[in-house]
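Report on one structure; see the data block that follows.
The values are calculated or read from the model by the stated rules, or taken from the named source; none is laboratory data. Quantities reported herein were computed from a predicted structural model and do not represent experimental measurements. Counting neighbours? That spans all protein chains shown, and the Cβs are built from the backbone with ideal geometry, glycine included.
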Amino acid sequence: MTILLGILEEGLIYAIMALGVYITYKILDFPDLSVDGTFPLGAALTAGLIVKGIPPAAALPLSFLAGAIAGCITGLIHVKCRVRDLFSGIIVMTALYSVNLRIAGMRANLPFLSQDTIFDNEWTRNQVPDPIKPYILVLILAAITIICKLLLDWYLGTRSGYLLQAAGDNDTLVTSLAMDKGLVKVIGLSIANGFAALAGGILAQKQAFFDISIGTGTMVFGLASVILGTQLFKRFSMVRTTTAVIAGAILYKACVAFVISIRIVKATDLKLITAAILLLILVISDSLKRKGAHPHVGA
Amino acid sequence: MLELKNINKYYNAGTVNEMCLFRDFNLKIGEGEFVSVVGSNGSGKTTLLNLICGSIPLDSGTILIGRENITKMPEYKRQRRIGRVYQNPAMGTCPNMTILENMALADTKGKSFNLLPGTNKARIDFYRDQLKTLGLGLEDKLQVKVGVLSGGQRQAMALLMSTMTPIEFLILDEHTAALDPKTAETIMELTDKIVQAKHLTTIMVTHNLRFAVEYGNRLLMMHQGETVMDKKAEEKAATRIVDILAMFNEISIECGN
Ligand SMILES: Nc1ncnc2c1ncn2[C@@H]1O[C@H](COP(=O)(O)OP(=O)(O)O)[C@@H](O)[C@H]1O
Ligand SMILES: [Mg+2]
């Protein structure tokens, strides 16, 4: 049961980041590596703010904002300096490593175990009935993730959201609509990295510490969730892609946890497993695609 | 009025492949003119349209709309008053969005792409009526993704979308070339109908000499970055396909073929 809860908790946190990767990778077709820097950016900022006594709930929108600014910089590097998409992300990701250390006060980790967080505060300690207490983490996380999903769904249905989808689908049309396609990309990257930083901030609050290494493999997790989710729910047109991405994140977390639970695998192998499972997902989804492309083979 | 003054355009400047396509090129297109542009491959027709729309930079010269100098205006800003349909039907629509969403996108051109709902429900009947004019039955497929439509259907939508909001110029680059003869005919007739109804100043590049002769009120022939034939009004009306063919032959003899 605790294992299951753990999977749900981490899956829901990473799902928020995966919603961001869905925007860049799936909608904009932009391989954005800056999430590997903005996820820990959110964590560092949240830790720094909480240590300074800022209310934990207020740290979250601020994390989103910081991530959005970083994403905006990735976008501007790409659009204004004409740097290739992949490089823009790598540049920001690398630069953020130092920025994150600075935010955390020149240190690679910053615990704040004695401070209140959105999960551990006066309300969760005293007001929440005992039978619910073991589930309070999951409940709070589910609420936050669903709010993020609904906000993204709403945004994608607005005029601005339509334009974002058009930018990924056919950016010539964006120009034909007399809009600056570069600006649209910048907006998309901002929102995406805002989600990544928000997720990082939430993870930091759950663990009650910041560690510089939590960013490694963020992109891999995001990609795996998006691909797994969209592939699995492709046939169900009623399921929104955002829902599929969240399900993908939880499933992916479950896969990783399952492999880790095998005895010969060590916890230190985590990133190796994460990468290997992504590879597996890519290979399987590609072979499914090939099969789908020739429906009459052998008929 | 659209005016190109002393345009110079080089490709691959500063390399061994340097090529001067337009040298001191001039062209004036009056309001309400419907110009058909013909010419051999590589004569510079697409480049001309790209220069007008700002898709590629020019080396020197001036482009004016009325009295306004738009030479330095970025492409997307020029598109405010321009509608453009490309040869490739895929360029004018979003394949992963539905017909309705595509129509709504086109309808928002010139307005603010803000946080209002992407599709204004009150406009759906208007979109249906617009689609009905195509006669392709698309009005009953509003929720279908544009990517599954045929090239002809997509091009028809692209034409509709590019002319839905108020524009001054319509730029067509071989917009019927990728279509079968019947569909090409339909799209051409529809183009003419829209141009007449909205009084659009139009530049249409085509390899279909019959279209060039039958439609429009001015005919340009391009060759190696120059206009070698420019017929207006009655002179255009009197021009036959054989006249154009004769001119084509003359050009290729000059080239030594
Ligand atoms: N991007 C480019 N780089 C180099 N040369 C080009 C480029 N685009 C067009 N050209 C050259 O310019 C000439 C005119 O091309 P284009 O305007 O496409 O002709 P058309 O549309 O009349 O067939 C051709 O000789 C072509 O090879
Ligand atoms: Mg051409």
Residues of region A:228-274 being among the aromatic types (F, W, Y) and more than 19 Å from A:I13 (Cα to Cα), in sequence order, are A:F233, A:F236
message = Condition check: among the aromatic types (F, W, Y), within 23 Å of the chain's Cα centre (by Cα) and exposed (fewer than 15 other Cβ atoms within 10 Å of the Cβ). Does A:F233 satisfy that?
response = no
Pairing a residue in region B:1-18 that is free of Cβ contacts under 8 Å to residues at least 40 places away in the same chain and over 30 Å from B:R67 (Cα atoms) with any residue that is within 14 Å of ligand 1 (Cβ to nearest atom) and among the polar types (S, T, N, Q), where Cβ atoms lie under 8 Å and the two sit 6 or more apart in sequence or on different chains, gives B:E18/B:N12
In the set B:M19, B:M97, the lone residue that is more than 15 Å from ligand 2 (Cβ to nearest atom) and surrounded by fewer than 20 Cβ atoms within 10 Å (Cβ to Cβ) is B:M19
When B:A104 is run through (1) modelled with pLDDT of 95 or more; (2) on the phi > 0 side of the Ramachandran plot, the failure sits at (2)
Within region B:122-145, restricting to residues that are within 20 Å of A:L177 (Cα to Cα) and of a type in the set (K, R), the one that is nearest to the other protein chains (Cβ to nearest Cβ) is B:K145
Flagged in region B:78-91 as within 15 Å of B:T108 (Cα to Cα) and either surrounded by 21 or more Cβ atoms within 10 Å (Cβ to Cβ) or facing chain A (nearest Cβ under 7 Å) (or both), in numbering order, are B:Q79, B:R80, B:I82, B:G83
When region B:168-193 is checked residue by residue, the ones that are in contact with a Leu (Cβ under 7 Å, 6 or more places away or on another chain) and of a type in the set (A, V, I, L, M, F, W, C) are B:F169, B:L170, B:I171, B:I187, B:L190
With criteria (1) farther than 24 Å from A:F195 by Cβ; (2) assigned to a helix (DSSP H, G or I), A:A68 comes up short on (1)
Given (1) within 11 Å of another protein chain (Cβ to nearest Cβ); (2) free of Cβ contacts under 8 Å to residues at least 24 places away in the same chain; (3) surrounded by fewer than 23 Cβ atoms within 10 Å (Cβ to Cβ), A:Q207 misses just (1)
Reported set for region B:34-49 where residues are of a type outside the set (S, T, N, Q), near ligand 1 (Cβ under 9 Å from one of its atoms), more than 14 Å from every other protein chain (Cβ to nearest Cβ) and surrounded by 16 or more Cβ atoms within 10 Å (Cβ to Cβ) is B:V37, B:G39, B:G44, B:K45, B:L48
Might you let me know whether region A:249-265 holds any residue that is in contact with a strand residue (DSSP E or B) (Cβ under 8 Å, 6 or more places away or on another chain) and either surrounded by fewer than 23 Cβ atoms within 10 Å (Cβ to Cβ) or not in a helix (DSSP H, G or I) (or both)? no
inquiry  = Please verify whether A:I191 is within 14 Å of chain B (Cβ to nearest Cβ), among the hydrophobic types (A, V, I, L, M, F, W, C) and within 12 Å of the chain's Cα centre (by Cα), treating the condition exactly as stated.
reply    = yes
Restricting attention to region B:177-213, the residues that are outside any helix (DSSP H, G or I), surrounded by 15 or more Cβ atoms within 10 Å (Cβ to Cβ) and more than 16 Å from ligand 1 (Cβ to nearest atom) number exactly 4
Filter region A:147-160 for residues that are surrounded by fewer than 18 Cβ atoms within 10 Å (Cβ to Cβ) and among the aliphatic types (A, V, I, L, M); the one that is nearest to the other protein chains (Cβ to nearest Cβ) is A:L151
Within region B:44-75, residues among the hydroxyl-bearing types (S, T, Y) and away from ligand 2 (no atom under 14 Å from the Cβ) come out as B:S60, B:T62, B:T71
Just one listed residue, out of A:L173, A:L183, A:L177, A:L163, is within 13 Å of chain B (Cβ to nearest Cβ) and surrounded by fewer than 21 Cβ atoms within 10 Å (Cβ to Cβ), and it is A:L183
Practice task
Can you confirm whether region B:146-163 contains a residue that is in contact with a Ser or Thr (Cβ under 9 Å, 6 or more places away or on another chain), at the interface with chain A (Cβ under 9 Å from one of its Cβ atoms) and not in a helix (DSSP H, G or I)?
Solution key: no
When every residue in region B:194-212 that is without any contact (Cβ under 8 Å) to a residue 60 or more places away in the chain and over 18 Å from B:G44 (Cα atoms) is compared, the one farthest from ligand 2 (Cβ to nearest atom) is B:A197
Restricting region B:50-65 to residues that are more than 13 Å from ligand 1 (Cβ to nearest atom) and of a type in the set (G, A, S), the one nearest to the other protein chains (Cβ to nearest Cβ) turns out to be B:G54
